[in-house]
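Novice: Got a structure for you, questions after.
The values are calculated or read from the model by the stated rules, or taken from the named source; none is laboratory data. None of the values given here were measured: they were computed from a predicted structure. As a convention, Cβ positions derive from the backbone with ideal geometry for all residues, glycine included, and neighbour counts pool all protein chains shown. We work out accessible area using only protein heavy atoms, side chains counted, and drop any ligands, DNA or RNA first. Shrake-Rupley method; radii C 1.70, N 1.55, O 1.52, S 1.80 Å.
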Amino acid sequence: MIDESIVRQEILKIEPYVPGKPIEEVKRELGLEEVIKLASNENPLGPAPQAIKKMKEAAKQVNIYPDGNVHYLRQKLAAKVGVREEELIFGNGSDELLALLAQTFITEQAEVIIAGTTFSEYRFATNIMGGKIVSVPLKDYAHDLEAMAAAITPNTKLIFICNPNNPTGTIVTKEEVDNFLKQVPDDVLVIFDEAYYEYVDNPAYPETVNYLANHENIIILRTFSKAYALAGLRIGYGIANQKLIDYIDRVRQPFNVNLMAQKAAIASLEAEEHLAKSVELNQSGKEYLYQEFDKLGLEYLPTSSNFILVDLAQDSAWVFQELMERGIIIRNMESFGYQDKIRVTVGLPEENQVFITQLKEVLNN
Ligand SMILES: Cc1ncc(COP(=O)(O)O)c(C=O)c1O
């Protein structure tokens, strides 16, 4: 008989990931023709034209396996980031890298320190490997690095720092990280997830690559899914000491990053003007949304990212549902423990306007 006893017991603890609803699903379910998705922190501008051109060319070559070593992108990115090629690892999205990190380092005895309200994949990856999650509540909606340092024990193996933090959009500063790292033993790995790195405009944000020279225990994760607009292709990367990269690389599947993603990522790195445009669009969209939330008397957290956490001061589940029925998908924050809040991705100007118009109507009804 098939029952729970057949699976690894760690698996039973795992709750399925709840992604932002796909546009096609909402159209199908609600019979809508126009749907705007502001739920998954994607770049609303779309990929750089140069990247699209490379994808089209690459389509003719997908009968062959991709370069498992990601040679050309590795070369380009190493030069851009200012590290050696051996200090990079690529993944099928940074999600895959989180899984690889867990598989490489987390044992059953291992304690993994994770902020109380952050990206859910750190818990997911830890739970799959049977590690013990040590949850440290946010302080003023940001990672409490003092409390995270205080939570370190001889069993601590990994510490996840989501910077900027999803879903609050807050950062930890260079000063905070400097103090924190002084308290972390050499054999405890600190993972900085910088998925929204390109959007950050706060001068206090740490350039974590600079820590690599003096800290062998740091791993930085970034992605092409957000500002580089390649979420559908699945490509992210890790930066760390070569010894760590070599260990993680043992767990990696040989052809984990597909051919189209590699080519499009190179073109996206070259398309600097598209990145700048994406960041500017985000900046102006943020300011527009702040103004509108102010007018509506809604509190929100100023963000270092491309999404905003907004407090509706009332149960948000029905607002989420009402907006969806009007063709706007945002993120309900219930699964993060914020019953009264929503998270909205900054969209194109017209998308932001439609969202605000509909939000006003829903709240006034
Ligand atoms: C903080 C954070 N890290 C990682 C990811 C995953 O990114 P990727 O598409 O590279 O797997 C996301 C996606 O939403 C994220 O918000």
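Novice: Evaluate the following for ALA110: is it more than 16 Å from the ligand (Cβ to nearest atom), open to solvent by less than 10 Å² (accessible area, probe 1.4 Å), out of contact with any Pro (no Cβ under 9 Å at 6 or more places or on another chain) and within 30 Å of ASN127 (Cβ to Cβ)?
Specialist: So ALA110 passes the test.
Novice: Mind checking whether some residue in the stretch 179-186 is modelled with pLDDT of 95 or more, away from the ligand (no atom under 12 Å from the Cβ), charged (D, E, K, R) and surrounded by fewer than 20 Cβ atoms within 10 Å (Cβ to Cβ)?
Specialist: Yes.
Novice: If GLY68 satisfies all but one of (1) farther than 23 Å from THR208 by Cα; (2) assigned by TED's automatic domain parsing to the domain that holds LEU145; (3) of a type in the set (Gly, Ala, Ser); (4) open to solvent by less than 10 Å² (accessible area, probe 1.4 Å), what's the number of the condition it fails?
Specialist: It fails just one condition, (4).
Novice: Additional query: Within the stretch 20-43, does at least one residue satisfy the condition of being of a type in the set (Gly, Ala, Ser), away from the ligand (no atom under 16 Å from the Cβ), closer than 30 Å to ARG250 by Cβ and exposed (fewer than 13 other Cβ atoms within 10 Å of the Cβ)?
Specialist: For the stretch 20-43, residues of a type in the set (Gly, Ala, Ser), away from the ligand (no atom under 16 Å from the Cβ), closer than 30 Å to ARG250 by Cβ and exposed (fewer than 13 other Cβ atoms within 10 Å of the Cβ): absent.
Novice: State which residue pairs qualify: first residue assigned to a strand (DSSP E or B) and inside the stretch 341-360, second residue open to solvent by 10 Å² or more (accessible area, probe 1.4 Å) in any location, beta carbons under 7 Å apart, and separation of 6 or more residues or different chains.
Specialist: LYS341/ASP311; ILE342/PHE320; ILE342/ARG331; ILE342/ASN332; ARG343/ARG331; THR345/SER40; THR345/GLU42
Novice: Another question, then. Answer with yes or no whether ALA229 is more than 10 Å from the ligand (Cβ to nearest atom) and either closer than 30 Å to LEU38 by Cβ or surrounded by 22 or more Cβ atoms within 10 Å (Cβ to Cβ) (or both).
Specialist: yes
Novice: I'm checking my understanding of the structure. Among residues of the stretch 71-93 that are open to solvent by less than 20 Å² (accessible area, probe 1.4 Å) and part of a helix (DSSP H, G or I), which one is farthest from the ligand (Cβ to nearest atom)?
Specialist: Restricting to residues being open to solvent by less than 20 Å² (accessible area, probe 1.4 Å) and part of a helix (DSSP H, G or I), the top hit is ALA78.
Novice: Exactly one condition in (1) part of a helix (DSSP H, G or I); (2) in contact (Cβ under 8 Å) with a residue 40 or more places away in the chain; (3) open to solvent by 20 Å² or more (accessible area, probe 1.4 Å) is not met by GLN61; state its number.
Specialist: Status for GLN61: all satisfied but (1).
Novice: Continuing with this model, one more query. Among the residues of the stretch 237-247, are any under 19 Å from SER94 (Cβ atoms) and touching a Lys or Arg at 6+ places or on another chain (Cβ under 7 Å)?
Specialist: yes
Novice: Condition first: within 20 Å of VAL209 (Cα to Cα), aromatic (Phe, Trp, Tyr) and away from the ligand (no atom under 15 Å from the Cβ). Now tell me which residues in the stretch 232-279 satisfy that.
Specialist: TYR247, the sole residue that qualifies.
Novice: So, in the stretch 285-319, how many residues would count as being touching a helix residue (DSSP H, G or I) at 6+ places or on another chain (Cβ under 8 Å) and either assigned to a loop (DSSP other than H, G, I, E, B) or not hydroxyl-bearing (Ser, Thr, Tyr) (or both)?
Specialist: Summing the residues that are touching a helix residue (DSSP H, G or I) at 6+ places or on another chain (Cβ under 8 Å) and either assigned to a loop (DSSP other than H, G, I, E, B) or not hydroxyl-bearing (Ser, Thr, Tyr) (or both) in the stretch 285-319 gives 16.
Novice: Can you find a residue in the stretch 199-214 that is loosely packed, with under 15 Cβ neighbours inside 10 Å, in contact (Cβ under 8 Å) with a residue 40 or more places away in the chain and out of contact with any strand residue (DSSP E or B) (no Cβ under 7 Å at 6 or more places or on another chain)? Outline the logic, then answer.
Specialist: First, the residues of the stretch 199-214 that are loosely packed, with under 15 Cβ neighbours inside 10 Å: 201-204, 207, 210, 213-214.
Filter once more, so that each one left must be in contact (Cβ under 8 Å) with a residue 40 or more places away in the chain: 201-202.
Checking the rest, the ones that are also out of contact with any strand residue (DSSP E or B) (no Cβ under 7 Å at 6 or more places or on another chain) come to 201-202.
Among the residues of the stretch 199-214, at least one is loosely packed, with under 15 Cβ neighbours inside 10 Å, in contact (Cβ under 8 Å) with a residue 40 or more places away in the chain and out of contact with any strand residue (DSSP E or B) (no Cβ under 7 Å at 6 or more places or on another chain), which makes the answer yes.
Novice: Just to be sure, is ARG8 charged (D, E, K, R), open to solvent by 70 Å² or more (accessible area, probe 1.4 Å), more than 30 Å from GLU280 (Cβ to Cβ) and assigned by TED's automatic domain parsing to the domain that holds GLU334? Reasoning before the result, please.
Specialist: Numbers: charged (D, E, K, R): yes; open to solvent by 70 Å² or more (accessible area, probe 1.4 Å): yes; more than 30 Å from GLU280 (Cβ to Cβ): yes; assigned by TED's automatic domain parsing to the domain that holds GLU334: yes.
Considered against the rule, which asks whether it is charged (D, E, K, R), open to solvent by 70 Å² or more (accessible area, probe 1.4 Å), more than 30 Å from GLU280 (Cβ to Cβ) and assigned by TED's automatic domain parsing to the domain that holds GLU334, ARG8 comes out as yes.
Novice: Restricting to the stretch 106-136, name every residue that is free of Cβ contacts under 8 Å to residues at least 60 places away in the same chain, more than 19 Å from the chain's Cα centre (by Cα) and assigned to a loop (DSSP other than H, G, I, E, B).
Specialist: Within the stretch 106-136, ILE106, THR107, GLU108, GLN109, ALA110, GLY131 qualify.
Novice: Which condition breaks for ASN282 when tested against (1) in a helix (DSSP H, G or I); (2) more than 16 Å from the ligand (Cβ to nearest atom)?
Specialist: It is condition (2) that ASN282 fails.
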